[in-house]
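Peer 1: Next up is a structure, given as structure tokens.
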Amino acid sequence: MANISKINGFRPVKHVTGAPYNGQSNIYAVASGDSTALFVGDVVKLAADGNAAGVQYVTAHAAGVAGTGQPALGVVVGVINTKLDQVAGAMSGGSISLDTPVYRPGSVEQYVLVADSPDLIYEVEATAAGSAYSFAVADVGQNANIFAGSGSTVTGNSAHSLNMSDKGTAATLPFKIVGVVQKVGNEVTGNYTKVNVQINNHQYKSVGTVGV
């Protein structure tokens, strides 16, 4: 049975040790001057400065130079409502809407939760710049860039995927393919394969290793 395309960003699933991912994350801020929307599943990187509370800013990750890429911090796993200030432990006036997609719109100061541990493994769809890519077993062990597609403000889904059009062995490429996701409905080869990756060029460790 052929795979079905379902691009929804990067999802942390476990640690390199095999231990399951249990929702651990750290809080970061996104500056009001940042016009790029963020969605759960989006890859982010550190940005300059922090907010008035001293919380580090992050911004959406982009592919960077082809064949080289740029370092990444982690993946957004939660977006905190703009009315909530988790750092100060305060809430502004008014009600919170619970029936709209949760994402961080552009140009809004907001907190996000990021799974940023360097040893995390993520599940993601392998694409060719967001389009169908025929995955091969020989791709396992390669490094690759991301394709930073624009998320949906209707569903709240991320559109980030692994860009196999920019794969290679360069240690600076942000992700390393460590295997194919082993689950029913995910064929190892062919289009829309879901793969497991680790951040290879992580901002909290040294530059990654070359692909094989």
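Peer 1: Give me a count of the residues in region 138-149 that are surrounded by fewer than 17 Cβ atoms within 10 Å (Cβ to Cβ) and either without any contact (Cβ under 8 Å) to a residue 60 or more places away in the chain or among the charged types (D, E, K, R) (or both).
Peer 2: Here the count works out to 1.
Peer 1: Looking at this structure, is SER206 among the small types (Gly, Ala, Ser), surrounded by fewer than 17 Cβ atoms within 10 Å (Cβ to Cβ) and part of a strand (DSSP E or B)?
Peer 2: The answer is no for SER206.
Peer 1: Taking the options ALA66, ALA62, ALA88, ALA126, name whichever one is outside any strand (DSSP E or B) and open to solvent by less than 60 Å² (accessible area, probe 1.4 Å). Before the answer, list the steps.
Peer 2: Numbers: ALA66 fails: open to solvent by less than 60 Å² (accessible area, probe 1.4 Å); ALA88 fails: open to solvent by less than 60 Å² (accessible area, probe 1.4 Å); ALA126 fails: outside any strand (DSSP E or B).
Answer to the check: ALA62.
Peer 1: Quick one: what pairs do we get from region 7-20, first residue closer than 19 Å to ASN191 by Cβ, second of a type in the set (Asp, Glu) and assigned to a strand (DSSP E or B), C-beta under 6 Å, 6+ apart or different chains?
Peer 2: Filtered contacts from region 7-20: ILE7/GLU125.
Peer 1: For residues that are over 16 Å from GLN198 (Cβ atoms), in contact (Cβ under 8 Å) with a residue 24 or more places away in the chain and among the aliphatic types (A, V, I, L, M), tally how many sit in region 51-76.
Peer 2: Number of matching residues: 8.
Peer 1: Of the residues SER117, SER161, SER152, only one is open to solvent by less than 50 Å² (accessible area, probe 1.4 Å), under 16 Å from ASP42 (Cβ atoms) and either part of a loop (DSSP other than H, G, I, E, B) or basic (Lys, Arg) (or both); which?
Peer 2: Result of the check over SER117, SER161, SER152: SER152.
Peer 1: Can you name the residue in region 164-177 that is in a strand (DSSP E or B) and open to solvent by less than 30 Å² (accessible area, probe 1.4 Å) and, of all such residues, is nearest to PRO105 (Cα to Cα)?
Peer 2: Among them, the one singled out is PHE175.
Peer 1: So how many residues does region 179-189 have that are open to solvent by less than 70 Å² (accessible area, probe 1.4 Å) and either over 17 Å from GLU123 (Cα atoms) or at pLDDT 95 or above (or both)?
Peer 2: 5
The values are calculated or read from the model by the stated rules, or taken from the named source; none is laboratory data. Keep in mind the model is a prediction, meaning the values are calculated, not measured. Note that we place each Cβ from the backbone using ideal geometry, even for glycine, and neighbour counts take in every protein chain shown. We work out accessible area using only protein heavy atoms, side chains counted, and drop any ligands, DNA or RNA first. Shrake-Rupley method; radii C 1.70, N 1.55, O 1.52, S 1.80 Å.
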